[in-house]
Amino acid sequence: MARPKRRWQRGVWIALLLAPALLVMTAFVTLPLLAALRYAFYSFNGLAPAGFVGFANFATILFEAPYSGWTLRALGHNMIVFVALMLLQNGLAYLIAFALLKTLPGHRIHQVIVFLPVVLSAVIVGFLWKLMLHPMFGVVNAALALIGIDGPPWLGNEDTALGAIIFTNAWHWVGFPALIFLAGMQRIGAETMEAARLDGAGDWVLLRQIIWPLVAPATTIVFTLTFIGSFNWFELPYVMAGATGSPGGATDVLGLYAYRMAFGSATAGLQDFGRGSALAVLMFLFLAVVSGLALRILRRREIEL
Amino acid sequence: MVKQRMQRLALMATAAWGMALGAAQAGEVTFWTWRQEDKAVYTDLFADFTKANPGITVKFEAFPNENYNTIVSTALAGGKGADVLHVRAYGGLEALAKANYLVPLSTTNVPELKNLPADALGSESLRADGKVYAVSLAGQTLGILINKDLFAKAGVAVPTDWASFIAASKALKAKNITPIANGTATPWMDAVFHSVFANPFLGPQFVADVLAGKATFEDKRFVDATAKLLELRDFMPAGFTGVDYATSQQLFSTGRAAMFVGGSFEIGPFRRANPKLNMDFIAPPGPKGAGLVSRFFDSGFAINAKSEHQADATKLVRWLATPAFAAKAAEKLGNISSLSSVTNPDPLLGKVAKLNATAMPYIMLVHFRYEAPTGSDLLQDGVQKMMAGTMTAAEVGATVTQGIAKYYVPFQKK
Amino acid sequence: MRGEGVKNTAIQLLLAVNALVMLFPIALMVLSAFKSNAEIFDSPFTLPETLDFSNLLHVWSDTEFVQYLLNSLVITTSAVLLILLAGTLAAYALARYTFPLNASLYLFFLAGLMVPLKLAVIPLFVELDTIGLLDTRLGLVLIYVAMGLPSGVFIMTGFLRNLPGELEEAARIEGASEGRILAQIMVPLARPALVIVAIQNAVPIWNDFFFPLVFITTDARKTLPQGLTVFMGEYSTDWGVLFAGLMLAALPITLVYILLSKQFIAGMTQGAVK
């Protein structure tokens, strides 16, 4: 008698644990989103849906010039953003975490400092760095001039604009992965580290062979959040390069492109909820498939390592 | 019992959080705009309205320009939004009107429409049904603002044709004055820049040919006029590809650059930023003598079809079409009123109005902003690239033509 | 030992350079808030000639600063607490129990991370209107909770999953209830993850102005970034005022962070397996 009752209780317990989160998510993410995604299958007459058009909006975005070219260009930029952030932002975060792990004098204040920009908004960060990178008043070019380099107008040059925004993003967010890595490293325990040191392992060996495998769960979190963040990238490029991904679309990414199609740019564009929603559907499918696969691999790796 | 108690509890909870529905007071009309910087002027103007219409007050609500489309389209789609809306002209107006979000205006519900000239009415009409949906506020003129003091200091005469414009720019630069304040980092400014300098070379005949389907933007006239812009790169600020709109404004208003290529709508803000600025507004240089300025109507006032205060909202919109409002608004906002009967006492704006007598349309806004991809989107992208040296003028013409060909039939056969 | 010294110096150098790069732009913002427009352009990187408080006073007196601040505090705090509560419960179920729908539910939450909710703003508007929460702070809080839960559940699940099972088993054998195990054993162990989730959500919620702009129209319910965004629009050409507004918008959360940084960092470390 006791066992079935306990199993029944267990079911209720699990359901109770999940209910609040599921309820809020369904009401305020799933339902409105499904309603919005329905737009993807409609043509629009101004702001009002005009008729069901099946997959026509998808076909336009993927196969019709100039839209197809813009879609590909934006996707390419998202990929660059992802790779660059993994290397620059997260690589640096990993090093900083290791440096902080050593608990050298002043490590506490450094911990506070490295995380400080994370609390600022993208609006502030974007605005500040626009000024820092300004071709006439910017400190970056002023500093470069001191060592005889004639800095480009970073945000106005098609070759440097995306890189400059990626750098700004890394400046803004590096503290977050750094602390996730640090939390992971601190869980390893002093004994394990000491033991490895006694075995004659140097910092590099320690970093590669002891710490790296043991922070695998932290890596999974950082990788996944960076991946999804890179492909949903919106706020910072919006503040620094505007809705059109200036200059000449050199910083256009999928998030900007979808928003611009759905809501128009303030000064030049028209709104088309149909195409904007269609692009959002495609982005979601892409992200879901790729991160689903990546998570499987990363989880297996966590267990193997 | 329990149910009742729950309801009371829920009611109390919502009350504690503050519910706004139905909270709008009787006799209050809400007004939405993206013109945050005009708040003081509108507050003053709406006080006049309340004086003329006792019992009706206007609640002014401004939103950031970049988010205004999103906020308005969301609220209207949800059956809400302000009673009276500041709307854009041409394609921007059509997007709202087509969806039946706005009340059509006629001389029956707004007799004051007769105060407006036909082209102003046209800018706020839906082409499909020919009905007017908003009261046009102002006309804008694109040309060149100059700092007279800097010209005098450098001993340079105000240029008229292209050759003298280049000579003057060279002379200013030799005196270490940045001749042109504009950069190319803000895309919509590139479309303005193009219109100002290319239109005098294009001429009205080109516009007529495009509208008649006889010419595309691959036409030699368009390509040559567009390529003219490249000669100006030497006279723009260092690193101009990274200089945005706000910086350009600063450069001109603080007297660091001698010329600002832009619209008559800049006059007011420049005066506010620097009352001592000694400005003039001149026509752009043409091949021989002064060229034609570009002109358009820029915004209007519309009634939300779902407004619960139709009568009061109509009263407000009627008042917004009166010469009394238009004269004061034109003076305070530094605009040229859409009402032809209203003249601006400001000598500078008076001069702009005179230039308007022979003007060309701001082509992309007036004719190619009704469908996506808009002519403005395509042109500003192309000009930005051309000025940065990654696209040729011929390529700009080709991209613009191909993009517009998606919906403009005369471009499709080629 | 000498090698160690050199290495430590190198590490200190790395941290010092990093600190400089991190702090400089922030210092620039603070300094610019005390400068006049002309001074910002003439000498953007020097100390202000005089401590000019007029920009700050301008922001203070021309906006409902205190009201906006209180609204932001209430909204951010409620949303973060609800995310922590609902997120921990859900993550605990996903991480520590095996049941048939586990994997699918995990993916459901994860999918929430990938959706561009901004594009669903119209249906959200209609929904809030229908349930009477349009133009209310509660409506905003619920949206933020829904937006924060995916990453909250994701981070918490990842963390809880990797906690050792011995303590839990021991407690179970001693007859502790499931609720007790969760509250008294697992939650304390998960403190670092809770801290990470809290700060990861508090920052974007505090800084968001998009949803308030669309959903809140009553002045008394506006948030700080929303109120200041509109205010700064009026002064788009006065960069001194602009910086003052930016600084004041960032100040509260920055101060909270600095004041709580000790607890914050301790919280992250304490969960470490000793």
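The values are calculated or read from the model by the stated rules, or taken from the named source; none is laboratory data. Keep in mind that what you see is a predicted model, and the values were worked out from it rather than measured. Virtual Cβ from ideal backbone geometry, glycine too; neighbours counted across all protein chains shown.
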(message) Looking only at residues that are more than 7 Å from every other protein chain (Cβ to nearest Cβ) and among the aliphatic types (A, V, I, L, M) in the stretch C:111-133, which one is surrounded by the fewest Cβ atoms within 10 Å (Cβ to Cβ)?
(response) C:131
(request) For the stretch B:127-141, enumerate the residues that are assigned to a loop (DSSP other than H, G, I, E, B) and at pLDDT 95 or above. (result) B:131, B:133, B:134
(message) Looking only at helices (runs of 4 or more DSSP H) that lie completely in the stretch A:123-187, which have at least 3 residues being more than 14 Å from chain B (Cβ to nearest Cβ) and either under 17 Å from residue B:247 (Cα atoms) or within 18 Å of the chain's Cα centre (by Cα) (or both)?
(response) A:161-173, A:175-186
(message) Given the criterion of a type in the set (Val, Ile, Thr) and in contact with a strand residue (DSSP E or B) (Cβ under 6 Å, 6 or more places away or on another chain), identify the matching residue among B:267, B:282.
(response) B:282
(message) Just to be sure I understand, how many residues within the stretch A:133-157 are surrounded by 17 or more Cβ atoms within 10 Å (Cβ to Cβ), at pLDDT 90 or above and of a type in the set (A, V, I, L, M, F, W, C)?
(response) 4
(request) Provide a single number: the residues in the stretch B:111-124 that are surrounded by fewer than 23 Cβ atoms within 10 Å (Cβ to Cβ) and either farther than 27 Å from residue B:292 by Cβ or among the small types (Gly, Ala, Ser) (or both). (result) 6
(request) Being part of a strand (DSSP E or B) and farther than 30 Å from residue B:71 by Cα narrows it down to one of B:301, B:296, B:281, so name that one. (result) B:281
(message) I need a count of the residues in the stretch A:49-92 that are among the aromatic types (Phe, Trp, Tyr) and not in a helix (DSSP H, G or I).
(response) 2
(request) For the stretch C:47-63, indicate whether the set of residues that are facing chain A (nearest Cβ under 9 Å), more than 21 Å from the chain's Cα centre (by Cα) and surrounded by fewer than 21 Cβ atoms within 10 Å (Cβ to Cβ) is non-empty. (result) no
(message) Can you confirm whether residue C:101 is buried (at least 23 other Cβ atoms within 10 Å of the Cβ), more than 7 Å from chain A (Cβ to nearest Cβ) and farther than 29 Å from residue A:49 by Cβ?
(response) no
(request) Give the residue that is surrounded by the most Cβ atoms within 10 Å (Cβ to Cβ), with candidates limited to residues of the stretch C:134-154 that are farther than 30 Å from residue A:299 by Cβ and in contact (Cβ under 8 Å) with a residue 12 or more places away in the chain. (result) C:140
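State yes or no: is residue B:275 part of a loop (DSSP other than H, G, I, E, B), more than 14 Å from chain A (Cβ to nearest Cβ) and either modelled with pLDDT of 95 or more or surrounded by fewer than 17 Cβ atoms within 10 Å (Cβ to Cβ) (or both)?
Criteria met by residue B:275.
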(request) Residues being within 11 Å of another protein chain (Cβ to nearest Cβ), part of a helix (DSSP H, G or I) and surrounded by fewer than 24 Cβ atoms within 10 Å (Cβ to Cβ): count how many of those fall in the stretch B:379-397. (result) 2
(request) For residue C:148, state whether it is assigned by TED's automatic domain parsing to the domain that holds residue C:93 and under 30 Å from residue A:238 (Cα atoms). (result) yes
(request) Return yes when residue C:101 is under 14 Å from residue C:214 (Cα atoms) and either free of Cβ contacts under 8 Å to residues at least 60 places away in the same chain or of a type outside the set (Ser, Thr, Tyr) (or both) and no when it is not. (result) no
(request) State all residues of the stretch A:22-45 that are touching a residue at least 12 places away in the same chain (Cβ under 8 Å), buried (at least 22 other Cβ atoms within 10 Å of the Cβ) and within 14 Å of chain B (Cβ to nearest Cβ); if no residue qualifies, say none. (result) A:36, A:39, A:44
(request) Sort out which residues of the stretch B:81-96 are touching a residue at least 60 places away in the same chain (Cβ under 8 Å) and at the interface with another protein chain (Cβ under 7 Å from one of its Cβ atoms), and write them in order of number. (result) B:91, B:94, B:96
(message) If I ask for residues that are among the β-branched types (Val, Ile, Thr) and at pLDDT below 90, which ones from the stretch A:74-108 would you list?
(response) A:103
(message) Looking at C:223, C:218, C:229, can you tell me which residue is within 13 Å of chain B (Cβ to nearest Cβ), hydroxyl-bearing (Ser, Thr, Tyr) and touching a residue at least 24 places away in the same chain (Cβ under 8 Å)?
(response) C:218
